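Every number here is computed from the coordinates shown, using simple stated rules; none is lab data. Keep in mind the model is a prediction, meaning the values are calculated, not measured. Neighbour counts are summed over all protein chains in view; Cβ atoms, including those assigned to glycine, are modelled from backbone coordinates with ideal geometry.
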Amino acid sequence: MKGSKVIVAGFWITTALFCFQIGFTAYAQLKLPQVAQAFAHMGFPTYFRVELSWAKFAGIIALLLPITPARIKEWAHAGFAITLVSAVIAHISVGDGPAAWSWAVGTAVLWAASYFFWRKLEAARSTVVQLV
């Protein structure tokens, strides 16, 4: 029982921190001119920045709502992983240094912790369902 509480707490803490971080990036992409300039510097069109921001907000909702089906949460996690890896690649490809891409790497660490605990939580749930 104690292990399951640690898993639940680990999931919600890491997921809340991850969602806060990714939510801030989505907000920044929509509202901060320096972030818009960074997207232009990497060669992305304006519509992509806006589209990506709204997709991040949708993914945050999917991760935080307990009633979201597991498959949707899995896709949200996958989308965030692709986004974070792509951000690092985009920054490196235009010659940006660690100051530019370290934000994505730090967010990826939070993502990995959230995903790790989510998989543990899902494994525990499937064990309980099989026992019933």
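Quick notes
- Geometric extent, Cα atoms of region 2-131 - Rg, Dmax (angstrom): 16.2, 54
- The chain - percent relative contact order, Cα under 8 Å, separation 6 or more: 35
- Positive-end extreme of charge dipole, the chain - chosen from A16, L32, V105 (charges on Cβ): A16
- Magnitude of the charge dipole, the chain, Cβ model with Lys/Arg +1 and Asp/Glu -1, debye to 20: 440
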